Structure formats: C-alpha cells, structure tokens
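Single-structure report; data block below.
The values are calculated or read from the model by the stated rules, or taken from the named source; none is laboratory data. Quantities reported herein were computed from a predicted structural model and do not represent experimental measurements. Neighbour counts are summed over all protein chains in view; Cβ atoms, including those assigned to glycine, are modelled from backbone coordinates with ideal geometry. Heads up: the accessible areas ignore ligands, DNA and RNA and are worked out on the full protein's heavy atoms, side chains in. Shrake-Rupley method; radii C 1.70, N 1.55, O 1.52, S 1.80 Å.
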Amino acid sequence: QLHSDVDKGDGSIKYILSGEGASSIFIIDENTGDIHATKRLDREEQAYYTLRAQALDRLTNKPVEPESEFVIKIQDINDNEPKFLDGPYTAGVPEMSPVGTSVVQVTATDADDPTYGNSARVVYSILQGQPYFSVEPKTGVIKTALPNMDREAKDQYLLVIQAKDMVGQNGGLSGTTSVTVTLTDVNDNPPRFPRRSYQYNVPESLPVASVVARIKAADADVGPNAEMEYKIVDGDGLGVFKISVDEDTQEGIITIQKELDFEAKTSYTLRIEAANMHVDPRFLSLGPFSDMTTVKIIVEDVDEPPVFTSRLYSMVVSEAAKVGTIIGTVAAHDPDASNSPVRYSIDRNTDLERYFNIDANSGVITTAKSLDRETNAVHNITVLAMESQNPAQIGRGYVAITILDINDNAPEFAMEYETTLCENAQPGQVIQKISAIDKDDPPNGHQFYFSLTAEAANNHNFTLQDNKDNTATVLTRRNGFRRQEQSVFYLPIFIVDSGSPSLSSTNTLTIRVCDCDADGIAQTCNAEAYILPAGLSTGALIAILACVLTLLVLVLLIVTMRRRKKEPLIFDEERDIRENIVRYDDEGGGEEDTEAFDMAALRNLNIIRDTKTRRDVTPEIQFLSRPTFKSIPDNVIFREFIWERLKEADVDPCAPPYDSLQTYAFEGNGSVAESLSSLDSISSNSDQNYDYLSDWGPRFKRLADMYGTGPDCLYS
C-alpha cells in the first residue's frame, strides 16, 4: 500500500502507478493506494519488477509529492522439479572393471531459486540398475558396484537415475533419466580349438598355392582382442605346407608350397598353434592365450601324365644331314605306381612342315626332310608322351633343335648398284665401291675375294681393286666416254667366299654414261636426248594430241544427233494402245482425263475403229471384243461444231504455242449406236430371247420372271 502524508482521507488525493508490469500485472486503487496483482506470478519467468508511484491532486491533476520508485521482489516456492537436460545417457565401461570404476556423470538442473531454501538442492539416487551400479548422491557420478562383470555373459545394462530436490526430503519434486551402459571388450578369453585334431584328404594333383583346409580357434572376444596368428610349430610338412590368417574371419588357411607326390609320401602331420596377437597382462592369470591342435593331411593318388626326364632338351644337327639322321632321344616315364608304358609323338602344331619324326616307343628323333639353316635356324618342337593304358594322360616335353650351318650359299652383291660415269671422267677415277653378302654364317665370319672375270680382265675401260676388307673398288682406265658412242657398260665381277669348299658367283655391274655438271653430279644419262631435236618437239606432240581429241568429240556429237533424229516423235500404230474397252479397279479422272480416248476419231467419223489398248494403264484382263464400226455417213452438224472450235483455238491468244488436246462435251443430235434402253425389250417385236435367265439360279429369278416368255411370265 502507498500512502502520502498529504492525504487527509478526504478523497482529494489520487494515486497512479507506472513502470514495469503496471496496469497489466499490477493495479493500484487510486483512492487508497493499495497495490494488487492481477495474475499468478512466476519467479522463474521474472524475479523483480520496478514500479513508480505518484500522488496527484484530484482537482488540478498536479503532483503533490515527487514520484517515488520501488521494487517488487517475487519470493520463490518449490514449484519446479529437477530436469536432466542431457538425458537419456549412453556410456561404456570395460568389462572386468574393479568396483568403483567411474562410468558417467549425470546432471539435473532445478529452475527454483538456489539461494532461497532447499527448493533447488538436488540429490541423486538409482532406481534401476542395482546391484551392478551405484550413483553418488551429490555429484551424480555413476560407478560400478560389482567386480568381474563379464561382457560375454551380459554386455548391456539399463539404469534409471532419479534427481530429487528439497535435499531428498518428503514433499520434494523429482525427475528421472535413463542411462544405457555397455560393457566394452577386453582380451580376457584365450583362443581355443574346438577339436584336438583334424584330418583332410587332398589329391596329389592339387596345384601349388591351392587351399588345403581352413581351421579356426574360437575366441569369445571381439575386435582386436580376437585377432590371432597361426603357425606350424612341428610336423613333417613344414616345407610343404604353410598357414596364414584370413583377416576377415580370423581363420587359419593351410596352403601347398610344393607339389605333392603320392608315390613319394602319402600323408603329412602338422602341429599348429593359434595365439592372440594382443595380450592384456592383467588377465595372464586366466591361462595361456594360445592353443595347439594337430592336422593330418592324407595325399590321394591320382593318375598322372608321364613326366619327361628334362623340362627342355637341346639338340643340334647339320643342315646337310640326310633324311633319317638321328638327332637325339627324349625319355619320359609314368610316375604312378602302375608305371604304364609310354608312347611318343610330335605335336604337329609345332612342326607344321613335318621336318622331324619320333619313334613312338624309343623316343628317338630323326630328320624327315632336308633342312635349311637359312630358312629356320632353330626348331622348337613339343613332344607328347601318352600312357598306353590311358591315352588321355599326356605329358609334354620341349625340344630345341639348332641347325648347324654349312657353306651352301654363294656370295652376291650386297645391293642393286646404280653406277653412273661422267663423260669427263679421268683415268683411275673411282666410280663405285661394292660389297658382298652371304646367307651362310661361318663361325669365323665372312671373307670375300673380288676380281674381274677372265673375259673382262683385259678390257680397256674399267679395272677392279680388291680392298681386302670384303669390299672392292671399280676404277676407270681411260677418259673420253661418250653417250653417243656407248651409253651403258656391263662389267662382270667374280666373288669368292672363304668357306670349305668355297663358293663363288659372277655378278654384273651396270654402268651408265651421263652428262655431269662441274661438281660431277649426273644430269642426263639417256642417249636419246641427242636424237630428240631431229624429231618432233614436245609442243608439236601436244598439238597433235589436241587435234585428235577434237576430232573424236565431233564424231561423237554427230552420231548422237543422228540417233536422236531417228527416234519417232509420236507412238506408231503398234504402240498406240488407246480406244479399248477394259475393266479397271479405279475411277476415271472425269472431264480432265484426256488419256482414255483419241480426239482424232471425233474429227473424222468415217474411220474404222480397231481394237486398241490404253497406254496410260495396264489392263488387268484381256480386252473385251466388240464389233468394229464400218464407214458411216458424214455428220454435218458434228463436223461443223468441231471446225468452229478449232478456229476458236487457232485465234485464241491464250492458247499454248504447241499442239494441244481440246476436250468438248457435245454429242450431236443422235447416236450411231441408237438407244441402249431396255424398255422396249419385252415388246412382241423384240428379237431377244431371255429364257436362259431361268437357268442362272434363284438370284436371277426376278429377271427371268420379268423378261421370260414362258407361261409364268409376269406380263403374259
């Protein structure tokens, strides 16, 4: 309540209220100054209100005292329960943790005033999750309450935590939250093989690196704690087998390192150890974190193909060897206990020319035809060995046959030489250096000897000098060479190799005499160049050729024009196929159809009409025969009509300047065919007999009754 010292209680003073919440939350009695709250107040929304009050003279409305300010403070009551703003919670703790291991801390907040009473003082307790976990009443820290909690027995727990204000006293408000605690894994379980021994059967033909078996030691742990390694610690198969771990399944994979042979060894025994890779020292007391098992591998016998004594046979033979010469021998045997006999053959895909044969029983390889080292120096063939009792078992051996060279090829020029000789060449001038090649391959290399043949040794034009390095030089003996006298010289050269016995050949060097410039470069080597001025020049030859072509073009034009003149401009009588009565399956073109008849017949009525066919459409059936009209009298009216229309067309300025077809719709005063009506057909004067209509069946009965002359005639 507000009261002014000036107020005498006579109602002359009026109180007014302003400020925060005035009129909306707080109102004042202007006569007494009592302040009232109009609604429920919530300290958690606003704890303080600042108001201003003033006393006014009711008559003058002027203040009688200065304005005064005061604060209304909202006193708290316990009307808010504790709340877990971060709940629900999830947490993890390692299994086998000791008692008191902290798991997680939960926190509840109370909106009440913590400075007034116990409304905001919270105490925590556990409603669900005992006896495994406990919670600190003041801090909300959750801890383990039992030792040796095993994840493999139970890995997850659901806790319910309560927070109560008023220090947990009766009448306090409370809130709850859930906490999910998961036990994380530790390596507290050693690996154990489910069985003490294993046995597997494998065929001896199993390839190297093939998987023989998969074994796995059980481990209740997960993740890195379950990772393990396998190794062969003992047994007679240490070098034959190896074991590795599958990273995804943690299985031990046993694979083959060497080929198995049933005839050599029928079984192997392996001692295999599985051990954890990450051992926790805290749990070593639980036992060794490894385990042992025995694996026995039984090798099964398989019918194997024959095996050659060597993977590759190397043989040599001279290219001069005769057919049937023995080159060498291959050998194979059946590795199985039965030791079946073996038969040999050559894979002809590796010896398409059939140069070699092999004895099926002994494996002796011989030549089947003459050999040529220059064609093929090394033959690589495949020999097949088959079991006699089971031909499907085939072994393969590889033979490399090297052909030894003999001197069977004569030397020859290394290339086709194009030798030129300048007309101004001097005696002793080098005009060509030559070399030789030989297809043979002597062990000490080639050595060639060059000389001129006996016939050319004493020639006066050229000489040959052997350079002793498998080359030779051709030189001139004189000067004064002239193309007019002789344009080409042929020099035979004799070449001998150093083989035993030696071979030789005669090669001809062609030398052309040329006109050269000052630097000795050939310009012209044809002797015909001197004869050319006496004949026709190039321009004259071109002119003659042009004239010949012009004459040919004229002849072609004349022939073409003559052929065109011989072609007829209109169709002859045999090709004119108009004016026929035919049946078509399409409609006509009406008055614009000018191809179905000949207007020439209208100009002359005295013509004799013959049976003709249309030339615009191919008829589907043969022409219907009709009688031809003989010459008829001239129709004057029709002829005059035609001539008048022709005159109009001749003087028409719009008519086209070429022959055209005029179509008219005038048929004259009568028809030469007379009436086509059948109205008079039933008269007594008619010479038609329609009795045959009664024989055509029921469809023509009506016509037979109308036109028939029998006793049942409709008009009789």
Using the C-alpha gyration tensor of segment 307-404, what are the square roots of 5 times its eigenvalues, in whole angstrom, with the largest one first?
26, 12, 11
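When ligands, DNA and RNA are left out and all protein chains stay put, how many square angstrom of accessible area per residue does segment 307-404 have with a 1.4 Å probe? Before the final figure, lay out the partial values.
Details: 5170 Å² over 98 residues.
Heavy-atom SASA per residue in segment 307-404 reads 53 Å².
Please report the carbon-and-sulfur percent of the accessible area for segment 83-184; probe 1.4 Å, protein heavy atoms only, DNA, RNA and ligands left out.
Values: 2640 of 5280 Å².
Carbon-and-sulfur percentage of accessible area, whole number: 50.
Loop-only GluC sites (Glu not before Pro) in segment 395-428, please: DSSP not H, G, I, E or B, and at most 12 other Cβ atoms within 10 Å.
Numbers: sites: 412, 416, 418, 423; in loops: 416, 418, 423.
Qualifying residues, ordered by number: 416, 418.
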Could you tell me which of rounded, prolate or oblate describes segment 83-184, using a ≥ b ≥ c as the square roots of the eigenvalues of the alpha-carbon gyration tensor, with rounded for a/c under 1.5 and, failing that, prolate when a/b is larger than b/c and oblate otherwise?
prolate
Accessible area expressed per residue, segment 412-522, with surrounding protein chains retained (probe 1.4 Å, Å²)
56 Å²
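With Cβ to Cβ distances under 13 Å as the rule, what net charge do the other residues near residue 434 carry (K, R +1; D, E -1)? Don't jump to the answer; show the numbers that get you there.
Numbers: positive: 433; negative: 412, 416, 418, 466, 469.
Around residue 434, the surrounding residues sum to -4.
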Mean projection area, nm², convex hull over Cα of segment 412-522:
7.4 nm²
Can you pull the Kirkwood radius for segment 35-153, inverse mean 1/r over Cα pairs, to one decimal in Å?
19.2 Å
For the pair residue 447/residue 550, report the inter-label distance in nm, with labels modelled 7 Å from Cα in the Cβ direction.
7.6 nm
Rg/Rg_ref, segment 13-73, where Rg_ref = 2.2 N^0.38 Å and atoms are Cα
1.20
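Roughly how many percent of the accessible protein surface of segment 322-444 is carbon and sulfur, given a 1.4 Å probe and a whole-percent answer?
Details: 3170 of 6660 Å².
In segment 322-444, the share of accessible area belonging to carbon and sulfur is 48 percent.
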Would you mind giving the three semi-axes, in whole Å and largest first, of the ellipsoid equivalent to segment 197-300 according to its Cα gyration tensor?
30, 13, 10
With just the Cα atoms of segment 228-280, tell me how far they stretch along each of the three principal axes, in Å, largest first.
47, 21, 12
